[in-house]
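The values are calculated or read from the model by the stated rules, or taken from the named source; none is laboratory data. Computed from a prediction, not measured in an experiment: that's the story for all the values here. Note that we place each Cβ from the backbone using ideal geometry, even for glycine, and neighbour counts take in every protein chain shown.
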Amino acid sequence: MVEVKKMPKILVVSGESFSRPLMEYALKMAQRLDFEIISLNVNEEILSLSGTEREQAEGRFYERAKRSAADFAAQGREMNVTVRSVIEINDKKKAIAAMEKQDPAIRYILSEPDPGQGGGGDDRVVNPVFNLVCSR
């Protein structure tokens with residue numbers, strides 16, 4: 001029996017949309033490493049809402065997240081990088097943990113930089129990268 005190896009992946013996490021710098025960074029990283037990308041749009045603030053307010057917030061979130069995920073996938077196709085999307089209303093840490101458990105081929109996690117965080121004196125943005133191979 002031939003064992004089929006799963007393509008290693010990068011999990012890219014954001015709220016309702018992905019910033020250009022994060023998408024570009026993730027796509028270049030995936031292209032260099034020959035990895036696939038899983039884009040995860042996750043919103044935990046909606047969990048605290050109820051009734052009509054929650055329904056409206058969910059609708060807005062899913063609409064914006066779908067547009068952002070489609071844009072990410074289109075850019076991935078241009079660079080020959082597979083981008084699969086997941087959209088969830090959940091606690092961010094729980095959503096990431098569930099993704100890691102579901103797909104052990106995830107090797108790195110990228111997320112949006114903290115607001116106002118620069119690269120140390122210049123205008124570069126630092127994207128947090130977590131290497132899961134070292135932490136498993």
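For every residue, the table says whether it meets (1) in contact with a helix residue (DSSP H, G or I) (Cβ under 6 Å, 6 or more places away or on another chain); (2) surrounded by 14 or more Cβ atoms within 10 Å (Cβ to Cβ).
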| position | (1), (2) |
| --- | --- |
| 63 | no, no |
| 66 | no, yes |
| 71 | no, yes |
| 74 | no, no |
| 78 | no, no |
| 88 | yes, yes |
| 92 | no, yes |
| 95 | no, yes |
| 102 | no, no |
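Going by the structure shown, is residue 68 in contact with an Asp or Glu (Cβ under 9 Å, 6 or more places away or on another chain) and among the polar types (S, T, N, Q)? Yes. Taking the conditions exactly as written (modelled with pLDDT under 95 and surrounded by 14 or more Cβ atoms within 10 Å (Cβ to Cβ)), does residue 16 satisfy them or not? Considered against the rule, which asks whether it is modelled with pLDDT under 95 and surrounded by 14 or more Cβ atoms within 10 Å (Cβ to Cβ), residue 16 comes out as yes.
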